[in-house]
Amino acid sequence: MLTEFQKRKLMKLFSMYDACNLGVLKISDFECLAQRLADLRGWKVDSSSYEDISSKFIYLWNRMRSEIKNVYNSQPEVLNNPDAWSTQIRTQVTLEEWFTYFEVVLPNPDYHQEVLTLSDAIFTVVDTDQSGNLDKVEWAELFRAYNISVIYVDETFAKIDGNGDGNLSKDEVMTMIKEFYFSNDPEAAGSYMFGPI
Ligand SMILES: [Ca+2]
Ligand SMILES: [Ca+2]
């Protein structure tokens, strides 16, 4: 079971993925996020770079729906919904279903690698000057893409920049990402890497 603390972080993540701000996740949110990231690099819709980042988000959407579908089919009472998945065309994911998805994947060691691989890819896209680090301007662009208020850019940047050199290295960001997704420690700085939860 997820703790209340984990749920607060996952609500934050849900709001970051809810690009269209409808309170539920749809495939259009995932397409929109990929588009916003691609726009940072000026990648055109038919380019291989665009296709690459877009396919990662669509994979995520499909993976999430498939895990939720499994839960519905195996234990419909968990989601308190008597209708089997197959009787409906599921086009959206609610916050409760989002929690259910993470209850399934968080204990899976393979999922840890998946999170790091996707985060690595996003880091590379947001590193628009390809310096290998994220500066504060790039960090703010990430916030804009993910619907996070930029008023939190300064304080989160300072937390993540462990060596205080004014840049976020991939190591610094990945350390925090691991804490954000997998730590259950309210003191862990990574829990607040995208602002208050
Ligand atoms: Ca950079
Ligand atoms: Ca640094």
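The values are calculated or read from the model by the stated rules, or taken from the named source; none is laboratory data. Because the structure is predicted, anything quoted here is derived from the model rather than measured. Heads up, the Cβs are rebuilt from the backbone with ideal geometry, glycines too, and the neighbour counts pull from every protein chain shown.
Which one of these does Ser149 not meet: (1) away from ligand 2 (no atom under 15 Å from the Cβ); (2) of a type outside the set (A, V, I, L, M, F, W, C); (3) surrounded by 17 or more Cβ atoms within 10 Å (Cβ to Cβ)?
(3)
Name the one entry in Asp120, Asp127, Asp135 that is in contact (Cβ under 8 Å) with a residue 40 or more places away in the chain, within 16 Å of ligand 1 (Cβ to nearest atom) and not basic (Lys, Arg).
Details: Asp127 fails: in contact (Cβ under 8 Å) with a residue 40 or more places away in the chain; Asp135 fails: in contact (Cβ under 8 Å) with a residue 40 or more places away in the chain.
Within the list Asp120, Asp127, Asp135, the selection yields Asp120.
Only one residue in Glu141, Glu187 is under 24 Å from Phe30 (Cα atoms), more than 16 Å from ligand 2 (Cβ to nearest atom) and out of contact with any strand residue (DSSP E or B) (no Cβ under 7 Å at 6 or more places or on another chain). Which one?
Only one candidate qualifies: Glu141.
Is it fair to say Phe123 is at pLDDT 95 or above, of a type outside the set (S, T, N, Q), assigned by TED's automatic domain parsing to the domain that holds Phe57 and under 14 Å from the mean Cα position of the chain (by Cα)?
Values: at pLDDT 95 or above: yes; of a type outside the set (S, T, N, Q): yes; assigned by TED's automatic domain parsing to the domain that holds Phe57: no; under 14 Å from the mean Cα position of the chain (by Cα): yes.
No.
Among the listed residues Asp154, Asp161, identify the single one that is more than 21 Å from Pro107 (Cα to Cα) and surrounded by fewer than 16 Cβ atoms within 10 Å (Cβ to Cβ).
Asp154
For a quick check of your reading: which helices (runs of 4 or more DSSP H) sit entirely within the range 99-197 and have at least 3 residues that are under 25 Å from Tyr50 (Cα atoms) and not charged (D, E, K, R)?
109-126, 136-145, 170-182
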